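Notes for the one structure printed next.
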Amino acid sequence: MSAPVIHVAAALAVDDRGRALMVRKIGTRAFMQPGGKIEPGEHPLDTLRRELGEELGLDLPAEAFAWVGTFEQDAANEPGHVVRAEVYSVTVDAAAPSAAAEIAECRWVDPHDPGDVELAPLSSQSLLPILVDGSTGI
């Protein structure tokens, strides 16, 4: 039997210094890329733009995003589940995000050396390595 899948849209958001925007939800420890669960019938990019607005106060046009791919890893906050993320890249002004709604904290991390930040498996194993190797041109 396979693990239940949580389908999300996520932003591989960077600033002009190449740092990655990470968020931590209220009541959790692991930082992850911003985004959220895709509602039935909703396009992943629409989900992502809605979630970035609700959770970080970002109002970004669809044209600001570039498709990166679909990635799967164990879910950080739901044991026994897998997260399947539809990922888009976007560059964000470092001063713009502000934690709101279910986000307890947002921070910028160096993808080459995130330090002692606890990262979700999707972030540490799939998404930050994209920024480190620079294969997407982000």
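The values are calculated or read from the model by the stated rules, or taken from the named source; none is laboratory data. In this text the structure is predicted, and so the values were computed from the model without any measurement. Heads up, the Cβs are rebuilt from the backbone with ideal geometry, glycines too, and the neighbour counts pull from every protein chain shown. Ligands, DNA and RNA are stripped out before the accessible areas are found, and what is left, the full protein with its side chains, is counted by its heavy atoms. Shrake-Rupley method; radii C 1.70, N 1.55, O 1.52, S 1.80 Å.
Things worth noting here:
- The residue that is nearest to residue 122 (Cα to Cα), among those in segment 37-56 that are open to solvent by 60 Å² or more (accessible area, probe 1.4 Å) and outside any helix (DSSP H, G or I), is 37.
- Of all residues in segment 90-116, those satisfying the criterion of being open to solvent by 60 Å² or more (accessible area, probe 1.4 Å) and either over 15 Å from the mean Cα position of the chain (by Cα) or small (Gly, Ala, Ser) (or both) are 93, 95, 98, 101, 112, 113, 116.
- Top-ranked residue of segment 57-89 - restricted to ones that are open to solvent by less than 60 Å² (accessible area, probe 1.4 Å) and without any contact (Cβ under 8 Å) to a residue 24 or more places away in the chain, ranked as farthest from residue 20 (Cα to Cα): 62
The rows are residues; the columns are (1) open to solvent by 10 Å² or more (accessible area, probe 1.4 Å); (2) over 19 Å from residue 82 (Cβ atoms).
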residue: 1; (1), (2): yes, no
residue: 5; (1), (2): yes, no
residue: 8; (1), (2): yes, no
residue: 11; (1), (2): no, yes
residue: 18; (1), (2): yes, yes
residue: 25; (1), (2): yes, no
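- Of all residues in segment 90-138, those satisfying the criterion of being part of a strand (DSSP E or B), aliphatic (A, V, I, L, M) and either without any contact (Cβ under 8 Å) to a residue 40 or more places away in the chain or in contact with a Lys or Arg (Cβ under 8 Å, 6 or more places away or on another chain) (or both) are 103, 104, 109.
- Those residues of segment 7-36 which are of a type in the set (Lys, Arg) and assigned to a loop (DSSP other than H, G, I, E, B), in sequence order: 17, 19, 29
- Cβ-Cβ under 7 Å pairs, at least 6 apart or on other chains, segment 28-53 side free of Cβ contacts under 8 Å to residues at least 12 places away in the same chain, far side surrounded by fewer than 23 Cβ atoms within 10 Å (Cβ to Cβ): 39/47; 53/59
- The single condition among (1) modelled with pLDDT of 95 or more; (2) touching a helix residue (DSSP H, G or I) at 6+ places or on another chain (Cβ under 6 Å); (3) hydroxyl-bearing (Ser, Thr, Tyr) that residue 126 does not satisfy is (2).
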